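The values are calculated or read from the model by the stated rules, or taken from the named source; none is laboratory data. Since this is a predicted model, take the numbers as computed values, not measurements. Don't worry about glycine lacking a Cβ; one is built from the backbone with ideal geometry, like all the others, and counts go over all protein chains shown. Side chains included, ligands, DNA and RNA excluded: accessible areas come from the protein's heavy atoms. Shrake-Rupley method; radii C 1.70, N 1.55, O 1.52, S 1.80 Å.
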Number of protein chains: 2
Amino acid sequence: MTTPTGQSAALTVGVVQHECDPDRERNLAQALAGIEDAAQRGAELVLLQELHNHRYFCSIEDPGNFDLAEPVPGPTTRALADTARRTGACVVGSVFERRAAGIYHNTAVVLERDGSLAGAYRKMHIPDDPGYQEKFYFTPGDQGFRPIDTSVARLGVLVCWDQWYPEAARLMALAGAEILLFPSAIGWDSADDAAERRRQMDSWITIQRAHAIANGLPLACCNRIGSETSSDRGPVIDFWGSSFVCGPQGELLWRAATDQPQVGVVTIDRRRTEQVRRVWPFLRDRRIDSYGDIGRRFAD
Amino acid sequence: MTTPTGQSAALTVGVVQHECDPDRERNLAQALAGIEDAAQRGAELVLLQELHNHRYFCSIEDPGNFDLAEPVPGPTTRALADTARRTGACVVGSVFERRAAGIYHNTAVVLERDGSLAGAYRKMHIPDDPGYQEKFYFTPGDQGFRPIDTSVARLGVLVCWDQWYPEAARLMALAGAEILLFPSAIGWDSADDAAERRRQMDSWITIQRAHAIANGLPLACCNRIGSETSSDRGPVIDFWGSSFVCGPQGELLWRAATDQPQVGVVTIDRRRTEQVRRVWPFLRDRRIDSYGDIGRRFAD
């Protein structure tokens, strides 16, 4: 069974959700073990969570945290490459990248099944709000929204805050991405009540499912679990897990718990992108003559 | 209680979901009765469904159906204006508009509380798929995505197929819309199985909730109910109702049944747009320097 372009119809995706503690090596070992587990269960493509080597250090602004950064390629891509080669799975990881003195990025990296570096995506939309002070750490990506070609698929890799922007998903789809992938690190403020927590997590899942729907693409998202605080000065964030995979109508195929480490393995039927785009041909009817103001900040 | 711009914080919205039969006068009378009902229960703004005067004639291509069209302003806007003035509610209706010989539009009309015509929006994205042959009937709108100013709010009025396009909602938000409004006519193909029906309806609600989330705006959608067929040549469509109102985190505030006429009256707290956009300031971080390819059909 193949797609109209001759690919295998089945694409088996793994998603590795775990907790992070202050020990980098232990965190990375968890991620690598998750890749092994997923690959043994058939995953050809494995998605890790955002900044999986570290506790989420961005909850406070501390210049000392730049010591956590590393080059790409570097130690983390080498470790991921070894595991990709050994398992035969394509791996999407996440690195706090040092590009030059004073230029750091939040970078998703893609390792081919043979261990080569297929490409990287530098997070374009950078958040900054209480508990997520990323504008201090990360220079916004300057390479746009370019999918990364691999032997398993053309990957539309985006990172966390990008997930709130329909433009990002659309641009990846228009550039031929066959699946959208979101390494994430998002959680609740411990001061928020239960109703606000529900609304926030539900918003987060809903808008990503909507990117799948708008573009007729499957989507996978990987988020961490656990309560973290960077220091006694920082807030406590309860990361909400809930990593998930959905199909091109936004239909949930798998969803993890909010508080348990889990390795999900989900087989996606890629033929559904063709089928869904035939029935609901949204890309056909886009009014590209009338979208110019998308490039404006506000029309005042 | 007011918003930062001095508006009343509470905005009470009515949504009139009903069945249509072949009798135009009866359909319009139902819509007008729904406005009266909603206004008596406090609605300041009432949303009707798409093409509420008629059965959904677009399920087949029949040149005779152009006889159903009328000018704007015309008989329907006059009837809506009378009801708007009498009830003191601002009304969003829907007209099969004859603009000139050979130029017809699917047009949403907005009547002020004093009965004046506040503005109109001509559907920009026109579908064409089995059962929804709208490209035969409707010239695509040529006036872009411009909100309509009224005494109750700046309204981001869009129509049905527009609801699948994040660009449409975004452009309305960037132009200062304070609420998104979608008159709709969508249903199931009687040949679809239960799982496909669930996926389709869920997609439709999900993507609209996502427009609310992406833009931090409340949203109301009004869809018809009932099984219709235009003729013995046409397909049977089971319109799925499920009109709804959600807040700026996509949280559902009200949702109608799939098969019952209903008039919903929902009070929205407009202060939440300010609050939500402070916590999740998505508009701040848009990468307007990198969205140029949104204006391309496909990047091949």
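Couple of notes before you dig in:
- Set side by side, the residues B:Gly241, B:Gly247, B:Gly264 differ, and just one is at pLDDT 95 or above and within 14 Å of chain A (Cβ to nearest Cβ), which is B:Gly247.
- Meets criteria (more than 8 Å from every other protein chain (Cβ to nearest Cβ) and either modelled with pLDDT of 95 or more or open to solvent by less than 10 Å² (accessible area, probe 1.4 Å) (or both)) for B:Leu158: yes
- A:Gly115 fulfils the conditions (1) open to solvent by less than 10 Å² (accessible area, probe 1.4 Å); (2) out of contact with any strand residue (DSSP E or B) (no Cβ under 9 Å at 6 or more places or on another chain); (3) more than 13 Å from every other protein chain (Cβ to nearest Cβ) except for a single criterion, (1).
- Positions within the stretch A:104-123 being within 12 Å of the chain's Cα centre (by Cα) and among the aromatic types (Phe, Trp, Tyr), in sequence order: A:Tyr121
- Scanning the stretch A:193-234 for residues that are more than 10 Å from chain B (Cβ to nearest Cβ), of a type in the set (Lys, Arg) and open to solvent by 10 Å² or more (accessible area, probe 1.4 Å) returns A:Arg197, A:Arg233.
For every residue, the table says whether it meets (1) assigned to a strand (DSSP E or B); (2) farther than 18 Å from B:Lys123 by Cβ; (3) free of Cβ contacts under 8 Å to residues at least 24 places away in the same chain.
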site	(1), (2), (3)
B:Thr12	yes, yes, no
B:Ala29	no, yes, yes
B:Asp67	no, yes, yes
B:Thr76	no, no, no
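- Selection count where residues are in a loop (DSSP other than H, G, I, E, B) and at the interface with chain B (Cβ under 7 Å from one of its Cβ atoms), scope the stretch A:267-279: 0
- Selection of the stretch A:82-93 for residues being open to solvent by 10 Å² or more (accessible area, probe 1.4 Å) and part of a helix (DSSP H, G or I) yields A:Asp82, A:Arg85, A:Arg86, A:Thr87.
- In the stretch B:182-211, the residues that are outside any strand (DSSP E or B) form Cβ pairs under 7 Å with partners that are surrounded by fewer than 17 Cβ atoms within 10 Å (Cβ to Cβ) and of a type in the set (A, V, I, L, M, F, W, C), at six or more places apart or across chains, as follows: B:Ser190/B:Val236.
- Filter result (at pLDDT 95 or above and surrounded by fewer than 20 Cβ atoms within 10 Å (Cβ to Cβ)) within the stretch A:123-132: A:Asp128
- Qualifying residue in the stretch A:172-179 (condition: more than 12 Å from chain B (Cβ to nearest Cβ), under 19 Å from A:Gly216 (Cα atoms) and not aliphatic (A, V, I, L, M)): yes
- Residue count for the stretch B:33-65 satisfying the condition of being open to solvent by less than 40 Å² (accessible area, probe 1.4 Å), part of a helix (DSSP H, G or I) and touching a helix residue (DSSP H, G or I) at 6+ places or on another chain (Cβ under 7 Å): 5.
- Of all the criteria given as (1) within 8 Å of chain B (Cβ to nearest Cβ); (2) open to solvent by less than 10 Å² (accessible area, probe 1.4 Å), the one not satisfied by A:Ala185 is (1).
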